[in-house]
Structure formats: C-alpha cells, structure tokens
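Presented below is the structure to which this report refers.
The values are calculated or read from the model by the stated rules, or taken from the named source; none is laboratory data. Source: prediction; values computed, not measured. Note that each Cβ is placed from the backbone with ideal geometry, even for glycine, and that neighbours are counted across all protein chains shown. Keep in mind that these areas ignore ligands, DNA and RNA; they rest on the heavy atoms of the full protein, side chains included. Shrake-Rupley method; radii C 1.70, N 1.55, O 1.52, S 1.80 Å.
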Amino acid sequence: MDTTEKKIIAVIEAHREEIIAFAEDIENHPEPGFQEFRTARKTAEFLKKTGYQVEENVALTGVRAHWERKNARQGTGDTGRKNSGYPNVTVIGEMDAIGCQRHPKADPHTGVAHACGHHAQMAVMAGAAIAFSDPEIRREISGSLTFLAVPAEEYIDADKRTVLREQGIRFGSGKSEMIRTGVFDRTDLVMTTHVHMVDVKEDFYLGNPACNGFNAERVTVRGKAAHAAIDPWNGVNALSITSSAIQMMGLMRETFREEDHVRLHNVIRKAGDVVNSVPDEAVVETKIRASSLERIQEIRQMVDRAYDGAAYAFGGKIERENLPGYMPIRPRMADTVLVEAAEELGLVYRNVQPGDFNNACTDVGDLTQLFPVINFTFRGFEGRLHGEDFHITDKEKAYILPAKLMALTIYRLLRKNGEEAKKIKESFTAVFDKQTYIEYIEKQM
C-alpha cells in the first residue's frame, strides 16, 4: 500500500462516524423512487460541505457532484464528449427505498423502507467522496470523478409512470432517464456496489454476475357488465379472462429453458367494482424477466397470446400499455484493480465466476450495455432483501470497508495518468451508444 492509499484509508477512518450517521439518517427517512427529495437535499448538503461542485434536480431528484483536474480534457469528439485521453469515473449511489410496509423502519405514509440496502450504497459513495476531497490525494490522480446519487432503481408502476411523464420523466428508472438526458455523456467507466444479492458467504463478492432484465405491461381487460344472478349469460367476465390468461402463463412455464432464467409476475390492480355484477373491467400488471433481450421479447409474445386467447374465448377485448424495464447485466469478472484493492485491505472475498447468475433485475444492466461497470457487493446485514427482517448488523462491513474498497479502486484506476482506466475503456465494446439506446427504449413504449 503506497503513501496515497494509506492517506485514503486514514481520511475515511477520520470521518467514520460522519459516514455512519449519513447512512443511518437516510435509512431512517426512506423515500420512493423519483420522490427522494429529502434524501437528495441531505446528499447535496453533504457533498457541498465536502467541497464538491454540486448539481441538484438531475432527472427530478438526482444529485451530481463533480471534480476534474483543470485542462484534463481538451477538444471534442464526434459524439460531443470531450476527450483528451483522461478518463472519467462515475460512482453510483442509489437513493430510493422499496415498498415493504411491515418493515420496522417503513415510512408510515408511503410504506417504503430501505430493505434493499441502498442507504449503504449512499454511505459507500459518501466515504469515497470524502477521500477524494483531500488535496493531497487529488494531486495523485488524473482525469475526473463524478459522484452520482441516482433516483428510482426500484420498479415504478404504471400509475406512477403516468404522473412522472407529466413531470418530464420519460423513461422508467433513474439511470435510464439519466442516459436519455445526457448525464452520462462524459462517463468512461462506472463503479457500482450493493449489498449481496446472490448467496455469498464471504464478506465481499468482486465483479458483476450476469443478471436478468425485464419488460412489463399494464393490461386492461374489457368485458361486459351484467347482473351476476339474474343474467350472467349476458355479461363478459373480465376477471375470468384475466384468470384464464394467468393460468395459461402458468402452464407455459414448463416450456421455459432453465438457462433463460425466466420469471413471470402478475399483480391484479382491479377486477370489477361490485361483487353482484359481472366484472366488466380488470387491470393487470405483468412483469417478464429473462437473461437476454431476445428472450424477454419472446416471452412477451407468449404472454400477449395468452391474454389475446383468453379474451377471444370469452368475447372480451385487451388494451395494453407497454412499460419498458431494465436490460440484463452483461457479466464482468473482477478487474485486477478491484482485486488488488481488496487484497490490500485484507478482505475476505470471492470473485464472480463464469456461470454465476442473479435472477433479480437492476437498471445497472442498462449501464453495462453502454459502459464498463466495475462492481462489488458486500455483507454486513441479515434478513431477506425486500423483506421486513432486513437490517444492518455490522456497520464496518456495510459502510466503512466498502467505502475504503471503492476509494482504493478509484485511486488505482486514475493514478499514473489514469492508465488502468484507459485500458479498461479501450478493451470494452458497447452494445449501444446513447442514441441507439434511446431508440431501443422508445420502441418498447
């Protein structure tokens, strides 16, 4: 560990209580996606106090702090991104909480709680930001650093999306909207983290395992009302259509290949108004997860046939609203700089291996389609993700050690004129650029 790395560790240690207090304050005030107004304000205050230039109200509630060595970038390339060879590293922290009404720290009005550990991510980002506010540490790196507090990683349902469109939010997650609006235009490499999402016994899990993507739709089933006792034969039961479609989806499950990791979820939002009338309207949200964009579309077609077939059988009609979701994560094994940083800290870890898979979804998947994403996950908690029993048990493992690992990795990327970051950037092949990404999402809408 060189002198600067020792300094990074010392700075984070010196601010240990401040980092922990910041995490616990966010945990105690959970907010839903695109409504993280208090969290954003507290984050902006923290970063300003630390000495960064801060931009607020990014994608409605996001916060962006930036530091750049003067004259580090010159000229403009074809894409409009300045490029002198000095890289930008963008560090992500997610602000939103998840609906979990029975969690002991759930907000009594919104029913959301930090049962997914996003407050720990925010602590990691805050700790790294503190480290790189030190002038001596800054002198040892080249390029630029962006700390990005991002809204709405958790799924936003159809009704909320309608309201958000009126506020100018066109895409359904924070990172997706930020890609659309140009927040990532200067990003070369992204760093992300999370509490463990796969079954890992070690304290740290280095790399980014493959992960499902998803697509969703809100389906309105139209039937015909009639008296449920006197003349049900003159009605068309929208609930029966819905139940039949969902049953067909269940029967389709045996046709799903294990390697595609398909998951189907349905929530019936409405199924009639009164019990003594044949339901003439049902509203369902259906979510389709799979390991590739192609398979998501194939399963989507199967689901649509189930709805259409059930409606045809009963004489009803189907109306759809597409709800674009998240792209699958492109797996990335642990980068050398991350492994070396973990070794320097003496962490207990294991690396992502080919074949590791996470059946959940995250909009980090969208970022992996455009940028190299260096990721790790960590322990320090007990209970089930998204469950009422999720809670932090070890502040060192959940807040402080991950912040040190994040900061040391950033330093190793950007020291020596950013040569390691440049190597990673140059070896990466994107699936989408900004424009083709926007076009793809808009086709799903």
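Numerical summary
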item	result
Paramagnetic label zone (point 7 Å from Cα along Cα-to-C-beta, residue 201; backbone N under 13 Å) in the range 336-359	349-350
Computed Kirkwood radius, in angstrom, where 1/r is averaged over Cα pairs of the range 323-364	12.5 Å
DSSP H segments from the chain that extend 15 Å or more along their own axis, Cα-based, with Kyte-Doolittle mean of 0.5 or above	118-131, 238-252
Sites residue 220 and residue 16, calculated FRET efficiency, Cβ-Cβ separation with R0 60 Å, nearest 0.05	0.70
Cα→Cβ-extended label distance, 7 Å offset, between residue 443 and residue 69, nm	4.1 nm
Selection from 132, 418, 297 lying farthest towards where the dipole of the chain points positive, charges on Cβ	418
Total charge dipole magnitude, the chain, about the Cα centre, Cβ charges on Lys, Arg, Asp, Glu only, Debye to nearest 20	820 debye
Given 11 as the ceiling on other Cβ atoms within 10 Å, longest exposed-site-free region of the chain for trypsin sites (Lys or Arg not before Pro) in DSSP loops	258-383
Chain lengthening between residue 430 and residue 139 when straightened (0.36 nm per residue, less Cα-Cα)	101.6 nm
DSSP bridge orientation in the chain - percent antiparallel, rounded to nearest 5	70 percent
Whole-number Å³ per residue for the convex hull built on Cα positions in the chain	141 Å³
Of every Cα-Cα pair in the range 270-357, the percent that sits beyond 20 Å	61 percent
If the convex hull is drawn through the Cα atoms of the range 145-247, its volume per residue in Å³	185 Å³
Paired Rg and Dmax values of the range 220-377, which use every Cα atom, in angstrom	22.1, 77
Share of alpha-carbon pairs per 10 Å distance bin for the range 286-445, given as whole %	8, 26, 30, 22, 9, 4, 1
Dmax and Rg, reported as Rg then Dmax, of the range 338-412 (C-alpha, Å)	14.1, 38
Efficiency of FRET between residue 394 and residue 29 - r from beta-carbon atoms, R0 22 angstrom, step 0.05	0.50
Cα-centre dipole for the range 269-370 with unit charges at Cβ (Lys and Arg positive, Asp and Glu negative), debye to 20	320 debye
Neighbourhood net charge (13 Å Cβ-Cβ; Lys/Arg +1, Asp/Glu -1) for residue 317	-1
Computed [θ] at 222 nm, helices only, for the chain once each DSSP H run of length n ≥ 4 contributes -39500 (n - 2.57)	-11500 deg cm²/dmol
Among 429, 402, 445 - extreme Cα towards positive end, dipole of the range 402-445, charges at beta-carbon	402
Carbon plus sulfur fraction of accessible area for the chain, probe 1.4 Å, in percent	47 percent
Relative intensity, log₁₀ I(q)/I(0), of the range 101-153 from a Debye sum that treats every alpha carbon as a point, q = 0.17, 0.23, 0.29 Å⁻¹	-0.67, -0.92, -1.14
The range 289-432 - charge dipole about Cα centre, Lys and Arg +1 at Cβ, Asp and Glu -1, debye rounded to 20	280 debye
Enclosed volume per residue, in Å³, of the convex hull spanned by Cα atoms of the range 4-49	89 Å³
Projected label distance in nm at residue 259 and residue 41, using a 7 Å step from Cα toward the beta-carbon	5.3 nm
Three semi-axes of the equivalent ellipsoid, the range 187-261, Cα gyration tensor, whole Å, largest first	46, 16, 12
Förster-model FRET efficiency, 41 Å R0, residue 110 and residue 336, C-beta, rounded to 0.05	0.45
Charge dipole of the chain about the Cα centre (unit charges at C-beta), most positive-ward option of 276, 393, 149	149
Chain lengthening between residue 343 and residue 292 when straightened (0.36 nm per residue, less Cα-Cα)	15.0 nm
Per-selection metrics, the range 91-220 (Cα): Rg and Dmax in Å	17.3, 60
